[in-house]
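The block underneath contains the structure these notes are about, expressed in structure tokens.
Read-outs throughout are calculated quantities, based only on the coordinates presented, and are distinct from any laboratory measurement. These numbers were taken from a predicted model, which means no experiment stands behind them. Cβ atoms come from the backbone with ideal geometry, glycine included; neighbour counts cover every protein chain shown.
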Amino acid sequence: MTLMPPPGRRTYRTWEQQFLGEWVAQFRPDARVLTHVRLGPIRPQLQGVTLTALEFQAMGLWRRWADALVILPDRLELVEAKILQTPSQSSQLELYAHLLPDTPELAEFRGRRVDKVALVALEDPAATFMARSVGIQVVVWRPPWIDEWMAVKEARQRRAPRFESSGPAR
């Protein structure tokens with residue numbers, strides 16, 4: 001049985017999750033990979049309150065998250081995946097690398113070398129220059145469906161935003 005969206009609504013495809021998942025499957029097939037990894041200390045701390053393990057974990061939900069953490073025998077790869085490379089990808093990776101050592105769930109990996117990886121399908125030379133200048137590895141990988149993504153993206157950029165009126169203006 002195929003579930004179809006209601007008429008007039010477009011389907012949503014998680015292109016970047018697919019992009020990351022396919023890259024990991026192809027290039028890191030034997031590695032342990034964590035996705036949507038929450039990073040940093042769990043805050044806020046509550047004074048005089050004892051929390052259960054589940055409550056303590058729930059308090060960490062506001063933390064930032066990296067797309068993937070690839071656990072290799074000799075190092076960790078902190079991966080931020082973007083189909084269309086942006087300069088902000090570098091600052092995200094820098095921040096995530098800074099938060100990683102303070103992440104309680106990842107304490108067993110403290111002290112391990114961390115390689116920051118900007119995974120992209122469509123490279124921006126200026127963003128690549130910026131990333132490499134601060135030690136970020138830029139990996140350009142074009143999945144077989146990238147032309148489909150570009151066609152969808154281009155079609156969306158050519159039309160005006162959708163607008164549904166709820167009645168006459170007042």
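Label reach from F129 (point 7 Å along Cα→C-beta): in the stretch 80-104, amide nitrogens under 14 Å belong to 87.
Here the gap between E94 and L54, fully extended at 0.36 nm per residue and compared with their Cα-Cα distance, gives a gain of 11.5 nm.
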